[in-house]
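The values are calculated or read from the model by the stated rules, or taken from the named source; none is laboratory data. Fair warning: this is a prediction, and the values are worked out from it, not measured in the lab. Cβ atoms come from the backbone with ideal geometry, glycine included; neighbour counts cover every protein chain shown. The protein model used for the area step is the full one, side chains on, heavy atoms only, and it has no ligands, DNA or RNA in it. Shrake-Rupley method; radii C 1.70, N 1.55, O 1.52, S 1.80 Å.
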Amino acid sequence: MEESDTYPKEPFAPPPQRASSAAGSSSTTSVHVTALDGLVNVNSLFTIAVFVGLSLTTPGQHSLENPSACDAGLDVARKLLVFEVVSFSFFLFSSLVAQGLKLAINLLNSKDVDEIFRAHINYKVLRFGMLASAIGSVMGCLFLMLSMVNVIEIRLGMLSCGSKSTVHAVTALIVLVTSALVVYISTAVYAFLH
């Protein structure tokens with residue numbers, strides 16, 4: 001114990017604190033990157049759904065309904081193809097915008113090694129890009145829903161025939177997807193305005 005008394009003790013000095021705006025910027029940038037990651041991941045899943053929808057339908061396919069009058073015609077198959085392509089285009093647009101924003105944030109972060117999670121970005125550009133990406137996802141979901149209605153008509157029979165299974169499937173699809181989109185849009189608008 002006597003030996004330790006001979007050496008002077010240095011007081012512990014914590015590392016200097018960053019300004020409060022830097023801490024706010026770092027958490028905000030991290031949240032934006034996480035949100036963009038989630039958006040890209042969800043768009044990837046929906047893009048897979050587009051291709052599954054395309055692979056499950058072939059022209060001239062008979063529905064599961066007995067009367068052949070309930071079989072979907074070529075016009076339904078054409079609409080399905082158009083809706084799938086438009087849906088894919090919106091998801092691709094949304095993902096590319098989100099990836100571009102992530103790339104910009106990561107490149108700006110790489111300039112300053114000491115501040116890993118902080119990027120000096122134009123918030124108007126970031127907000128506009130995130131809004132454009134969210135709109136692309138919503139439009140992609142709407143066109144994917146329309147294409148799924150066509151898939152149901154091809155597989156289960158036309159809605160005009162009044163098949164219970166077709167009506168129930170389309171009703172469930174429209175109610176669930178529309179309610180999810182309302183929640184998504186209202187959350188995105190709230191976050192955008194606040």
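Miscellaneous remarks
- Members of region 137-180 that are buried (at least 18 other Cβ atoms within 10 Å of the Cβ), closer than 19 Å to residue 47 by Cα and without any contact (Cβ under 8 Å) to a residue 60 or more places away in the chain: 145, 149, 152
- Residue match in region 110-122 (condition: at pLDDT below 90 and closer than 23 Å to residue 189 by Cβ): yes
- Annotation note: of 173, 159, 181, 146, the sole residue that is modelled with pLDDT under 90 and either under 28 Å from the mean Cα position of the chain (by Cα) or among the aliphatic types (A, V, I, L, M) (or both) is 159.
- Residue in region 53-84 that is modelled with the highest pLDDT, counting only those that are part of a helix (DSSP H, G or I), open to solvent by 80 Å² or more (accessible area, probe 1.4 Å) and among the hydrophobic types (A, V, I, L, M, F, W, C): 82
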